[in-house]
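J.: Have a look at the structure that comes next, please.
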Amino acid sequence: MKSDDERVAIVGVGHSRFGKRLDVSMNELGWEAIRPALQDADIVQKDIDFYSVGNFGYWSEEILPAVTIGEYAGLTCGSLKTEAACASGSASLKIAMDSILSGTARIAMAMGIEKMYNSPNGTIIELIGRAGNYFWEFENFGMTFPGYYALYATKYLDAYNAREEDLCEAAVKAHHYGSLNPYAQFQKETTVEECMKSKYVSRPLKLMDSSPITDGAAAVILARGDIAKKMTDTPIYIESQGTATGTAYIGRRDEYTGLEASRRAADIAFRGAGLSGVGSNFDLFEVHDCFTIAEVMAYEDLGIAKKGEGINLLRGKQTYRDGKYPVNLDGGLKSKGHPIGATGISQAVEITKQLRGEAEKGRQADIKKGRGAAA
Ligand code: COA
């Protein structure tokens with residue numbers, strides 16, 4: 001059992017409205033998340049010893065967001081930008097957490113931000129595509145992320161006798177919860193029929209199977225466990241975080257119905273928390289549903305469904321709030337939006353709100369075990 005000074009807890013959260021945010025600069029968007037996080041933790045800028053900023057960024061106005069946002073927000077301590085493609089926000093959380101665990105910070109802030117609409121959609125889709133293997137796949141075949149996930153979807157549907165309509169069920173769930181989340185990009189319900197009628201982006205994936213292009217920011221304030229306890233009655237401890245890196249070259253992967261690196265990261269995280277697996281230890285989950293197929297694969301990679309049975313969880317509505325494994329009660333990337341560098345932090349904000357019982361009406365999970373997991 002770790003002592004309090006060997007643990008890290010979230011003591012404050014802030015979230016901007018996600019969407020097409022042409023009304024604000026990047027620094028203003030960052031402040032929209034930082035200000036409520038400071039207020040929530042009841043601290044001021046000088047109390048923060050270190051902060052990290054998750055950002056992918058090549059498309060936006062500021063290429064040094066950690067510097068410019070910090071300056072705009074009045075932060076004077078050391079900082080770093082973290083970039084790990086769609087995991088940039090989770091990387092920011094890791095770096096800030098490690099700054100506390102290493103003893104160099106007592107209170108740290110992890111934030112994430114992306115301002116994607118600074119560039120035209122085609123440019124953004126191209127730049128995301130270059131996060132895959134550049135030479136063999138992007139340059140030779142023009143691979144983009146809708147294209148990559150379409151390969152997974154094609155294999156999964158074929159291997160497990162599933163239909164495009166089944167994938168659309170994930171979009172229906174996402175939009176249902178997005179409609180209840182005031183910070184979400186799309187706050188409206190959808191149906192399987194509407195999803196099936198939407199245009200193909202990369203067959204079999206359609207517009208409604210895809211996360212959108214999004215501007216947004218999110219921030220969490222972290223504190224060493226013993227300090228956190230004095231700051232708030234509801235510290236949300238981060239029991240563990242697992243990271244794993246797979247090959248960016250899809251041609252070198254051994255399977256196309258799941259992500260091996262996700263399974264390894266989940267295993268490390270479970271072991272770090274003293275758990276042997278997902279079991280019945282969690283009240284809710286946040287997963288990276290950048291496309292509907294990614295949500296289904298995440299169910300299986302996390303272990304809430306056996307291989308090939310993820311689709312049955314959706315068919316049986318088991319990942320709705322009242323199901324056995326509530327997943328993405330904030331609308332997920334699909335409906336809340338996917339501002340790449342902010343997404344991992346947004347998941348941490350959501351789990352914190354849920355565990356504190358502060359989520360909006362209709363999407364608050366029933367908290368019994370006091371634990372959430374994000375992948
Ligand atoms: N879901 C629902 N509606 C969407 C949407 C989505 N994902 N994306 C866009 N829309 C809507 C827009 O609001 C707009 O509606 P309006 O005409 O009523 O204003 C309309 O569809 C057209 O939007 P636009 O932005 O011009 O679409 P697009 O065709 O240029 O781009 C995608 C759509 C799906 C191709 C693009 O959002 C995309 O590439 N998404 C994936 C991003 C990605 O790869 N992220 C990393 C994942 S790992």
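J.: How would you rank 282-291, 305-314, highest first, on the average number of other Cβ atoms within 10 Å across their residues?
T.: 282-291, 305-314
J.: Out of residues 5 or more away from G242 or on other chains, whose amide H comes under 5 Å of its own, with H placed 1.01 Å from N in the peptide plane?
T.: It is A269, by chain and number.
J.: If the only charges are +1 at each Lys and Arg Cβ and -1 at each Asp and Glu Cβ, what is the size of the charge dipole of the chain around the Cα centre, to the nearest 20 debye?
T.: Dipole about the Cα centre, nearest 20: 500 debye.
J.: Quickly work out the S280-to-I125 label distance, labels modelled 7 Å from Cα along the C-beta direction, and quote it in nm with one decimal.
T.: 4.6
J.: Just to confirm my understanding: which cysteines in the chain have no other cysteine beta carbon less than 4.7 Å from their beta carbon?
T.: Unpaired cysteines in the chain: C77, C86, C290.
J.: Can you divide the C-alpha Rg of the chain by 2.2 N^0.38 Å and report the result to two decimal places?
T.: Relative to the 2.2 N^0.38 Å estimate, the chain comes out at 0.93.
J.: While we're on this one: Can you give the accessible area per residue of the chain, in Å², using a 1.4 Å probe?
T.: Here the per-residue accessible area is 42 Å².
J.: So, one more: Order these peptides, 9-18, 264-273, 212-221, by their mean beta-carbon neighbour count within 10 angstrom, highest first.
T.: 212-221, 9-18, 264-273
J.: Further question on the same structure: Between E71 and V24, what length in nm is gained on full extension when 0.36 nm per residue of separation is reduced by their alpha carbon distance?
T.: Extra length available between E71 and V24 comes to 15.3 nm.
J.: Which number gives the lysine pairs in the stretch 128-241 that have C-alpha atoms under 23 Å apart and are eight or more places apart or on different chains?
T.: Taking the Cα cut-off of 23 Å, the pair count is 12.
J.: If you don't mind, another one. Determine the sum of side-chain charges near K307: Lys and Arg each +1, Asp and Glu each -1, restricted to other residues whose C-beta is under 13 angstrom from that of K307.
T.: -2
J.: Ok, one more. Which residues among the stretch 310-329 fall inside the zone where the amide N is under 15 Å from a point 7 Å beyond the Cα of D267, along Cα→Cβ?
T.: none
J.: Additional query: Just grab the label-to-label distance for T191 and E255, each label 7 Å out from Cα along the Cβ direction, in nm (one decimal).
T.: Here the answer is 3.7 nm between the modelled labels.
J.: Same structure, new question: Do the sum for the chain: with -39,500 (n - 2.57) for every DSSP H run of n ≥ 4, divided by all residues, what is the mean residue ellipticity at 222 nm, to the nearest 500 deg cm²/dmol?
T.: After summing the helix terms and dividing by the residues of the chain, the value is -11000 deg cm²/dmol.
J.: In terms of solvent-accessible area of protein heavy atoms at a 1.4 angstrom probe, what is the ranking of R363, R356, highest value first?
T.: R356, R363
J.: Please report the carbon-and-sulfur percent of the accessible area for the stretch 281-320; probe 1.4 Å, protein heavy atoms only, DNA, RNA and ligands left out.
T.: 51
J.: Any idea what the dipole of the stretch 134-231 comes to, in debye rounded to 20, about its Cα centre with Lys/Arg Cβ at +1 and Asp/Glu Cβ at -1?
T.: Taking the Cα centre of the stretch 134-231 as origin, the dipole is about 400 debye.
The values are calculated or read from the model by the stated rules, or taken from the named source; none is laboratory data. Note that the structure is a prediction, hence the values are computed from the model and not measured. Here Cβ is always computed from backbone atoms with ideal geometry, including for glycine, and neighbour counts include all displayed protein chains. Only protein heavy atoms, including side chains, enter the accessible area calculation; ligands, DNA and RNA are left aside. Shrake-Rupley method; radii C 1.70, N 1.55, O 1.52, S 1.80 Å.
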